[in-house]
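Below you'll find the structure, written out as structure tokens, and then a few comments.
Read the figures in this text as sums done on the coordinates, not as results from a lab. Treat the numbers as computed from the prediction; the structure is a model and nothing was measured. So basically every Cβ, Gly included, is an ideal-geometry build from the backbone, and we count neighbours across all protein chains shown.
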Amino acid sequence: QVQLVESGGGLAQAGGSLRLSCAASGRTFSSYTMGWFRQVPGKDREFVAAISWTGNTYYDNSMKGRFTVSRDNAKKTCYLQMNSLKPEDTAVYYCAARQGSYKGEYGEYDSWGQGTQVTVFS
């Protein structure tokens, strides 16, 4: 497993942008698929985006075109650039990691960060 620490959450106006970062510890970061999920109270954690160890990217349809996931293996960091934010993007955002290929279900990830709150106001 790797240890993950998210940062970059906060307040944003609708239409604005935020960039989340996920810093990982461990020597094999480059072999992990990194995922971003989000959760609001009373609902299941939902998939946002992921980037595989080969660099392939995946998005939930509602985020595609607005969010961009990327990684810097040298810095052991994964990013989620969020543009054109909407109030319904308000949630706690979690970074997650799994060894191997991409999966979209949160149960397939075995390392999680503590989460970072994103609040979008209109």
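If R₀ is 30 angstrom, what is the calculated FRET efficiency for the pair LEU11 and THR54, using the beta carbon separation as r and rounding to 0.05?
On the way: r = 35 Å, r/R0 = 1.16.
After rounding, the FRET efficiency stands at 0.30.
Only loop residues by DSSP count here, and only those with at most 12 other Cβ atoms within 10 Å; note down the trypsin sites (Lys or Arg not before Pro) in segment 26-122 that meet that.
Within segment 26-122, the qualifying trypsin sites (Lys or Arg not before Pro) (loop, at most 12 other Cβ atoms within 10 Å) are ARG27, LYS43, LYS75.
Based on the Kirkwood radius over alpha-carbon pairs, what is the Stokes-Einstein translational diffusion coefficient of the chain at 25 °C with 0.890 mPa s viscosity, in µm²/s? Please report the intermediate quantities before stating the final value.
Details: Rh = 14.1 Å.
It comes out at roughly 175 µm²/s.
Along the Cα→Cβ direction, 7 angstrom out, place labels at THR28 and GLN117. What is the inter-label distance in nm?
3.6 nm
What is the mean projected area of the alpha carbon convex hull for segment 1-72, to one decimal in square nanometres?
Projected area, direction-averaged: 5.8 nm².
Expected output is a single nm value to one decimal: the length gained when fully extending between ALA74 and GLN3, i.e. 0.36 nm times separation in residues minus the C-alpha distance. What is it?
24.0 nm
Quick one: what are the phi-derived ³J(HN,Hα) couplings along segment 46-53, Karplus 6.51/-1.76/1.60 with θ = phi - 60°, whole Hz, x for glycine and proline?
10, 6, 10, 6, 8, 9, 7, 5
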